[in-house]
Amino acid sequence: MPAIRLLRPKMRQPTTDGLLLVDKPAGMTSHDVVLAARRAFGESRIGHAGTLDPFATGLLVLLLGRATRLLPYLDGVPKEYEAEIVLGRETDTDDLEGTVVRTAPPPDDVAVAEAIATLTGALEQVPPIYSAKRIGGQRAYDAARAGVALELAPVPVEVFAWRNVSRDGDVLHAVIECGGGTYVRALARDMGRLTGSAAHLGALRRVRSGPFRVGDAVTLDDIRAGSAAIRPALDALPTIPHVTVEAVEAERVLRGIAVPRSGDAPHAALVDARSGTLLALAEAADDHWQPRVVMRKVD
């Protein structure tokens with residue numbers, strides 16, 4: 001009589017579709033953090049809402065799995081940084097990792113205050129020559145490393161506020177709130193030039209990106225130790241209205257079919273009344289919500 005083999009039912013693995021806030025340490029790239037998360041969670045689809053330079057620390061907002069499709073809808077403004085600006089020395093990279101290209105006597109406090117006022121509000125900012133900006137299909141930092149000086153055009157950015165400004169000798173400390181695309185090291189460079197001196201960024205820590213804060217983030221050690229939990233995908237959309245849908249409509253949403261709309265918001269996070277989980281990110285279409293990013297396939 002042939003041996004009878006008992007088949008165990010397949011265990012459904014916990015979803016890796018969700019949000020992960022990470023406190024990046026200094027000395028590694030944002031891509032290094034993404035690789036660590038891929039290994040830890042066995043998930044190849046990981047996207048981020050803005051990188052940090054290797055010397056910088058602080059908040060990285062990661063989306064995993066199907067939640068990566070929510071990236072265009074994330075609220076990432078304002079971004080908030082704790083910055084240290086070293087006065088009296090300018091570097092070719094505008095930060096501590098570059099070569100000093102110019103020195104000058106540090107400015108006085110009055111000149112610094114006037115520069116801060118000038119560097120607040122809507123600005124036209126010239127990106128650092130060592131940046132990821134493309135000129136004629138070439139990255140600016142690749143050209144700079146090859147000894148070619150590209151002409152970078154100014155781009156519109158916005159700095160909302162400089163807070164908690166203090167000075168310790170030739171180091172200026174400040175919390176800077178700004179919009180996306182703002183280079184804090186370019187602010188440091190421009191402060192030096194506006195004051196008739198020189199300056200570069202000595203340290204940078206991102207503490208906030210929109211509604212997300214570094215105090216809620218896990219560490220790289222947590223990720224490597226397996227003690228970091230992925231937060232639900234719904235947590236990635238705290239500033240978008242959450243609309244609860246009942247069972248019949250939930251099944252329609254999972255098939256990409258529009259459901260009746262209430263309210264006048266342009267987008268909504270459609271939430272399953274049975275489980276409290278995100279079904280889809282939807283856009284307003286007349287009197288209906290049209291699902292645009294469906295979080296899971298119909299079983």
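Here are some notes:
- Theoretical gain in end-to-end length, T29 to V175 [0.36 nm per residue, Cα-Cα removed]: 50.3 nm
- The range 240-294: antiparallel DSSP beta bridges as a percent of all, rounded to 5: 75
- 0 to 90° range, to nearest 10: angle between helix 109-118 axis and the chain longest Cα axis: 50
- Computed [θ] at 222 nm, deg cm²/dmol, the chain (DSSP H ≥ 4; -39,500 (n - 2.57); rounded to nearest 500): -5000 deg cm²/dmol
- Relative contact order of the range 240-294, taken over Cα pairs closer than 8 Å and 6 or more residues apart, is 37 percent.
- Between the helical axis of 184-194 and the longest alpha-carbon principal axis of the chain there is an angle of about 20 degrees.
- Backbone N within the range 40-67 under 16 Å of label point (7 Å from V155 Cα along the Cβ vector): 49-53
- Average Cα contact separation per residue, the chain, under 8 Å, 6 or more apart, as relative contact order %: 22
- Label-point gap, in nm, between R167 and R231 - each point 7 angstrom along Cα→Cβ: 3.8
- In nm, spacing of pseudo-spin labels at R193 and T118 (7 Å Cα→C-beta vector): 1.0
All of the numbers you see were taken from the coordinates with simple rules; none came from a lab. For clarity, every value in this text was computed on a predicted model and none was experimentally measured. Methodologically, a virtual Cβ is constructed for each residue, glycine included, from the backbone with ideal geometry; neighbour enumeration extends over all protein chains shown.
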